[in-house]
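Participant: The structure that follows is given in the form of structure tokens.
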Amino acid sequence: MTVAIKIIVFLFGMIICVQLIAALYGIIDLGHAFKTEYAKVIRRILVWGILTIAIAWLLSDSLRPAFLWGLAGYFVFYPSAYSGLKLFQMRNRRLLEKG
């Protein structure tokens, strides 16, 4: 049962990391209107950041590493998957241009 709970907490860490990355994308998404929307962007980043810290702090010592590994795992996975997809698209585009 403990392993199942740790897996769930790991996945929960990944979900929280998705929200944290989405909040950080607010800077880019609202870049054109950042002067008027900066409060909303900063508030969203702070809310998800504080929520992440609070969850990590409230978890027991046995579950905290699973949560943090979920955060770190997705934080590393996301840019690598994005870069891999871009490389795959460029490779396919070159193959289509040759044929």
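Participant: Test of understanding: among L95, L51, which residue is without any contact (Cβ under 8 Å) to a residue 24 or more places away in the chain and part of a helix (DSSP H, G or I)?
Facilitator: Result of the check over L95, L51: L95.
Participant: Does L20 meet the test of being free of Cβ contacts under 8 Å to residues at least 24 places away in the same chain, surrounded by 10 or more Cβ atoms within 10 Å (Cβ to Cβ), closer than 24 Å to P79 by Cβ and not charged (D, E, K, R)?
Facilitator: Answer is no for this residue.
Participant: Next up: Does any residue of segment 36-44 turn out to be of a type in the set (S, T, N, Q), surrounded by fewer than 10 Cβ atoms within 10 Å (Cβ to Cβ) and either in contact with a helix residue (DSSP H, G or I) (Cβ under 8 Å, 6 or more places away or on another chain) or assigned to a helix (DSSP H, G or I) (or both)?
Facilitator: yes
Participant: Something else about it: Report every pair of residues separated by at least 6 positions or lying on different chains whose Cβ atoms are under 6 Å apart, first residue within segment 61-75 and without any contact (Cβ under 8 Å) to a residue 40 or more places away in the chain, second not in a helix (DSSP H, G or I).
Facilitator: Once the first residue is without any contact (Cβ under 8 Å) to a residue 40 or more places away in the chain and sits in segment 61-75, no partner that is not in a helix (DSSP H, G or I) comes close enough.
Coordinate-derived values only; no laboratory data. Fair warning: this is a prediction, and the values are worked out from it, not measured in the lab. Cβ sites come from the backbone with ideal geometry, for glycine too, and all protein chains shown count toward neighbours.
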